[in-house]
Amino acid sequence: MSDDQIPADSKLTASKRRWAAEGRFLTGRISRPETERLPPGQHLVKNWPVLDLGEQPQISLSSWRLDVFGFVEKRLSLDWAAFQAIEQSTRVSDIHCVTTWSRYDNRWEGVSTRDLLDLAMPTAEAQHVLLTSYDGYTTNLPLVDFAAEDAVLATAWEGQPLTREHGGPMRLVVPHLYFWKSAKWLSRIELIGADRAGFWEKNGYHMYGDPWREQRYSDD
Ligand SMILES: Nc1nc2c(c(=O)[nH]1)N[C@H]1C(S)=C(S)[C@@H](COP(=O)(O)O)O[C@H]1N2
Ligand SMILES: [Mo]
């Protein structure tokens, strides 16, 4: 959605203006010196490993939905056509998996998380995000990290539709956190106040997961 389609006095414009005034998502967290491109304890791979809980759900585009709810001014329940109608963005970023592999320069296409948030309009209470996927997987992260400039709800990788094994038809990509935060087969985005642990976070992984601080496990 471009700004010129929005009436000047709409709630959306007001909310965007409020975010800008608060500098809410301008954390500077994602810019790193080039010398720090490979985080500590990581090694580079050229392939793209598949990691998940073992069940890879098959979701037809006709039954696919994305629900956004919780602390938002406008709840969303988007079908595939509605999701495609949101402005599409391209982002190139690196993957860092907690199992120590990293993969550079992945080209993602889809909806930037900021464009989605512009539609849902988080309220002031919203501080964290709890994600739920079609395979039952859950994971959590702060709203400012979900809203990072290079975070994308990806439907394509390297110009091709995202394959089922990598989370197609749509997965989250939040490149500045370990890849377990990037939920595959994403179905529900809940805006919450206090942080709540997801699947791996309940099983010993770190609540935040910053690769440059090696926040792999909860006691790191
Ligand atoms: N829905 C869902 N998303 C998930 C997972 C999962 O099991 N289910 N695994 C996570 C983990 S631990 C990693 S490392 C990445 C792996 O993504 P990939 O298989 O595309 O490399 O997906 C993350 N997202
Ligand atoms: Mo992982």
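Among residues belonging to segment 63-116 that are basic (Lys, Arg) and in a strand (DSSP E or B), point out the one that is nearest to the chain's Cα centre (by Cα). Before you say what the answer is, go through the steps one by one.
Start the filter on segment 63-116 by keeping residues that are basic (Lys, Arg), which leaves 65, 74-75, 91, 103, 107, 114.
Checking which are in a strand (DSSP E or B) leaves us with 65, 91, 103, 107.
On the way: Arg65: 16, Arg91: 12, Arg103: 17, Arg107: 15 Å.
Out of the qualifying residues, it is Arg91.
Of all residues in segment 179-187, none are surrounded by fewer than 22 Cβ atoms within 10 Å (Cβ to Cβ) and in a loop (DSSP other than H, G, I, E, B). In segment 178-200, the residue that is farthest from Thr138 (Cα to Cα) out of those that are aliphatic (A, V, I, L, M) and either within 11 Å of ligand 2 (Cβ to nearest atom) or in contact (Cβ under 8 Å) with a residue 60 or more places away in the chain (or both) is Ala194.
Somewhere in segment 155-167, is a residue of a type outside the set (Phe, Trp, Tyr) and within 10 Å of the chain's Cα centre (by Cα)? Scanning segment 155-167 turns up no residue that is of a type outside the set (Phe, Trp, Tyr) and within 10 Å of the chain's Cα centre (by Cα). Selection of segment 135-145 for residues being more than 14 Å from ligand 1 (Cβ to nearest atom) and either open to solvent by less than 30 Å² (accessible area, probe 1.4 Å) or closer than 16 Å to Trp64 by Cα (or both) yields Pro142, Leu143, Asp145. Give the number of residues within segment 137-174 that are part of a loop (DSSP other than H, G, I, E, B) and away from ligand 2 (no atom under 16 Å from the Cβ). Of the residues in that region, 12 qualify. Applying the set (1) over 10 Å from the mean Cα position of the chain (by Cα); (2) in contact (Cβ under 8 Å) with a residue 60 or more places away in the chain; (3) crowded, with 17+ Cβ neighbours inside 10 Å to Thr132 leaves exactly one unmet item: (2). Among the conditions (1) out of contact with any Lys or Arg (no Cβ under 6 Å at 6 or more places or on another chain); (2) within 14 Å of ligand 1 (Cβ to nearest atom), the only one that Thr113 does not satisfy is (2). Scanning segment 156-180 for residues that are farther than 20 Å from Pro122 by Cα and in contact with a helix residue (DSSP H, G or I) (Cβ under 8 Å, 6 or more places away or on another chain) yields Trp157, Pro169, Met170, His176, Leu177, Tyr178, Trp180.
The values are calculated or read from the model by the stated rules, or taken from the named source; none is laboratory data. These numbers were taken from a predicted model, which means no experiment stands behind them. Every residue, glycine as well, gets a Cβ built from its backbone with ideal geometry; the counts of neighbours run over all protein chains shown. Areas reflect the complete protein model, heavy atoms only, side chains present, ligands, DNA and RNA absent. Shrake-Rupley method; radii C 1.70, N 1.55, O 1.52, S 1.80 Å.
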